[in-house]
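Data first, discussion second: the structure below is written as structure tokens.
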Amino acid sequence: MPKALEFICHDAVGYSINDSPFDRICYIAPQQKGYVNFGFFFGTGLADPKQLLEREGKQIRHVKIWTVEEAKNPALAKWIDGTWKEAPLRVAEVHAAMKNSKAKTQFFFMKMRQLLKLKMEKVHPTSMGDARKTE
């Protein structure tokens, strides 16, 4: 993976397109049962006609690798290549969704504060500012 940055996170080696460990694209995670998971954070779009990839949530897919020979599987190289080519777009989508989600949350709380203020003014005819001044 050209220009990949390596991170150790949750006992796994992760590969990112930039200097953020949160933008990892794939990972290698040793397992106690004697294999490693080679995983793809955006694995849902990977072609897998032999159904080797296992599901982890909505996006993540991984394949169990038990031997060096299994690691030489050409499908693995294709998945790595495909994932790496799509990485900038996928990471940008995640960042946009997070930004949008944060904006929605902020908007929701702003509206809730406005509604609460209106209800309080109906219950207490004095303005909220006057109510705070009383002891």
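Quick one: in segment 63-93, which of the residues that are among the aromatic types (Phe, Trp, Tyr) and in a helix (DSSP H, G or I) is surrounded by the most Cβ atoms within 10 Å (Cβ to Cβ)?
Among them, the one singled out is 79.
Answer yes or no as to whether residue 42 is touching a Lys or Arg at 6+ places or on another chain (Cβ under 7 Å) and hydrophobic (A, V, I, L, M, F, W, C).
Yes; evaluated as a whole, the condition is true for this residue.
Where a number appears in this text, it was derived from the coordinates with a stated rule and is not lab data. These numbers were taken from a predicted model, which means no experiment stands behind them. Glycine gets a Cβ as well: all are built from the backbone with ideal geometry, and neighbour counts include every protein chain shown.
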